[in-house]
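Beneath this line is the structure, given in structure tokens, with notes to follow.
The values are calculated or read from the model by the stated rules, or taken from the named source; none is laboratory data. Keep in mind the model is a prediction, meaning the values are calculated, not measured. We place every Cβ from the backbone using ideal geometry, glycine too, and count neighbours over all the protein chains shown. When the accessible area is computed, the model is the full protein with side chains, heavy atoms only, and any ligands, DNA or RNA have been set aside. Shrake-Rupley method; radii C 1.70, N 1.55, O 1.52, S 1.80 Å.
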Amino acid sequence: MELMGNGGGRVNQEYPMGKRKTMAMEQDMDAGMDELLAELGYKVRSSSMADLAQKLELLDRAMGNSSALDDIFLSHLASDSVHYNPSDMSRWVDNMLSELDAPPSATFPSPSVVDLSPINVSSWLGYPAQPSLSIQSDCGSDSHLGLESREWKRIRTASSSADCSGGLIRPSEVVYSSAMPMMMVESDHEAGIRLVHALVACAEAIQEENYKSADAIMKQITFLTSSQHGAMRKVGVYFAEALGRRIYSLHPKQDHYLDSAFSDILQMHFYETCPYLKFAHFTANQAILEAFAGHRRVHVIDFGIKQGMQWPALMQALALRPGGPPSFRLTGIASPQSDNSDSLQKLGLKLAQLARTINVEFEFRGLVANSLADLEPYMLDVEPEVIAINSVFELHGLLALPGAIEKVLDTVRSLRPRIVTTVEQEANHNADGFLERFTEALHYYSTLFDSMDGGSDEGSPEKLMSEVFVGRQICNVVACEGFERTERHETLEQWMLRIRGAGFESVNLGSNAFKQASMLLALFGRGDEYRIEEKEGCLTLGWNNRPLIATSAWRVAGAGDGVEAAR
């Protein structure tokens, strides 16, 4: 071996034969090491990188799975055990895995051994049905897993390292045994199903008022949510927040006026990023336009005008009507605003400006009401005209107040409208039992978030705001009770029974609305996964096989084509 001397010349240095052979072997070993890790002082062969990465993941899960492992780790360092040089990373990880007894991975049943039929998780989330897990463990024979999709790996720890024949098993060996601690290497969809089961288990504990267990499961939910991505992560985050608020009674003081204004802004972003509100407005406008055909004086009463996004399209359609546009009145009902600003007046001025541009005779009137149940027929200033009443996601909130929905439907019937258009969520979030309501909400919003996932706008402020809009609904459904729980969604069938019982009959929305709504959905990414269905003259829009919103049209029973008004 040649070394540089102080004077710059070469100095020959001889080594004994044994030492030269040892050095040659070390050089051969170093030749296969990863250069980047070697510079940091760690010896890892490039060919062993994948295996080491998997072992590090297992070690991380084992050490992070329970706070009790902190004590195990410290006692391991304080014991007389042989501690391998950490620079030899592969041997060090093997040693740590052999010393750590991995605890059971969860405090509730594994999804592979739990019957999924009560909540049908697989069909909700688009996952394939999970095969049952059968473990046969006979001493001295190889156990096997009846699991075709993948193998669940169990790592034998050093504390129980002797098998039935008395031999020792290295930490890296995989054995199948049902009588020892284990760690599970899960795929994303398996972890997702575990998350769903954890959420349901927490809801069950809450219903039984076992808040100690619910608190323990919440910690597991936090861990499982952190491992998720995309729609499933959002489901975990928002449902975990809602459950946490219910467990710990975290109900922040709400300013009703400020909350209403903020909700309107969030709904506007939901309108821009998802097709659901556009579909609702489009189908309702189509029904109103057909009801107004041939009439010269028309009046729309909007039970929740908000930003007024629905009406420019209807006004433009009226302007193009054969024979010229009718005289159009619009009454918009809104909640009080916190800053006392007259947002309704500003909205009316904008709509009036549009009406002048397209030559439509227009009149706007705004009404402020804390609840639709506060309205009386005389407040709506009805004249000899054809009336349409429009409600988009407004009626379900009345179910929180005893008698409110009956009062509003009586008021509507007294106005003798030619048509009433309603849009509501196609879900049952108004069950008496908390667990039933929670399970239905988990099903519904998992599908909704799945439909919102991806796209070119993923991660944009608009998309995030629309997700907050949905998250606030989840929080209300899960965390609130009594009159504070206003997101009391019911199914189309329930609404049809209620509205028919109030003296109305359904109006078929027709094939035109169906065809044109289908064209609207083609403008959205993954549009082929949205599904429009017709049900008893009503239309529903859903994601794959799950309806999410329903549009229906009504008139006073026995009124025929409607009230004869000024033409």
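Which number do you get for Rg(Cα) / (2.2 N^0.38 Å) in the range 299-361?
1.19
Can you tell me how the range 390-444 classifies by the Cα gyration tensor, rounded, prolate or oblate, using a/c under 1.5 as the rounded cut?
Since a/c reaches 1.5 but b/c is at least a/b, the shape of the range 390-444 is classed as oblate.
For His229, His299, write out the residues from largest to smallest accessible area, computed with a 1.4 angstrom probe and no ligands counted.
His229, His299
Taking 8 Å as the Cα distance limit and 6 or more residues as the minimum spacing, I'd like the relative contact order of the range 395-497 as a percentage.
46 percent.
Counting Lys and Arg as +1 and Asp and Glu as -1, each charge on the Cβ, what is the dipole of the range 465-567 about the Cα centre in debye, to the nearest 20?
Here the size comes out at about 100 debye.
Quick check: residue separation of Asp432 and Arg416 times 0.36 nm, minus the Cα distance between them. What number comes out in nm?
Between Asp432 and Arg416, full extension yields 2.4 nm more.
How far apart, in nm, are the 7 Å Cα→Cβ label points at Glu484 and Asp374?
Label at Glu484, label at Asp374, 2.1 nm between them.
Write down the accessible area per residue of the range 187-337 in Å², having rolled a 1.4 Å probe over the full set of protein chains.
Heavy-atom accessible area per residue stands at 39 Å².
Short version: ³J(HN,Hα) in whole Hz for each residue of the range 328-335, in order, from phi by Karplus 6.51 cos²θ - 1.76 cosθ + 1.60 (θ = phi - 60°), x for Gly and Pro, what are they?
For the range 328-335, the Karplus-derived couplings read 10, 10, 10, 10, x, 9, 9, 7 Hz, x marking Gly and Pro.
In the calculated pair distance distribution of the range 197-312, what percentage of Cα-Cα distances lie above 25 Å?
52 percent
For an R0 of 51 angstrom, estimate the FRET efficiency from the Cβ-Cβ distance between Ser263 and Arg296 and round to the nearest 0.05.
So, using R0 = 51 Å, E works out to roughly 0.90.
Using only alpha carbon pairs under 8 Å that are at least six residues apart, calculate the relative contact order of the range 284-328 and give it in whole percent.
Relative contact order for the range 284-328 comes out at 51 percent.
Might you work out the accessible area of Lys346 for me, using a 1.4 Å probe with all protein chains in place, and round it to the nearest 10 Å²?
130 Å²
Any chance you could look up the accessible area of Leu497 with a 1.4 Å probe, heavy atoms only, rounded to 10 Å²?
120 Å²
At what distance in angstrom do the alpha carbon centres of the range 276-347 and the range 515-540 lie from each other?
Here the answer is 22 Å between Cα centres.
Let me cross-check Ser343: its accessible surface, 1.4 Å probe, with only protein heavy atoms counted, in Å² to the nearest 10?
50 Å²
Between Ala313 and Glu533, how many nm apart are label points set 7 Å from Cα along the C-beta direction?
2.3 nm
For Ala352 and Asn512, what is the calculated FRET efficiency with R₀ set at 30 Å and r taken between the beta-carbons, to the nearest 0.05?
It comes out at approximately 0.55.
Once you list every other residue whose beta carbon is under 10 Å from the beta carbon of Met268, what net charge do they have if Lys and Arg are +1 and Asp and Glu are -1?
Cβ neighbours under 10 Å give a net charge of -2.
Would you work out the Kirkwood radius for the range 254-370? I mean one over the mean of 1/r across all pairs of different Cα atoms, in Å.
Taking the inverse mean of 1/r over all distinct Cα pairs, the range 254-370 comes out at 15.1 Å.
Mind listing the long-range amide H neighbours of Ile333? Cut-off is under 5 Å, sequence gap 5 or more, other chains count too, H placed in the peptide plane at 1.01 Å from N.
It is Asp302, Gly304, Ile305, Leu367, by chain and number.
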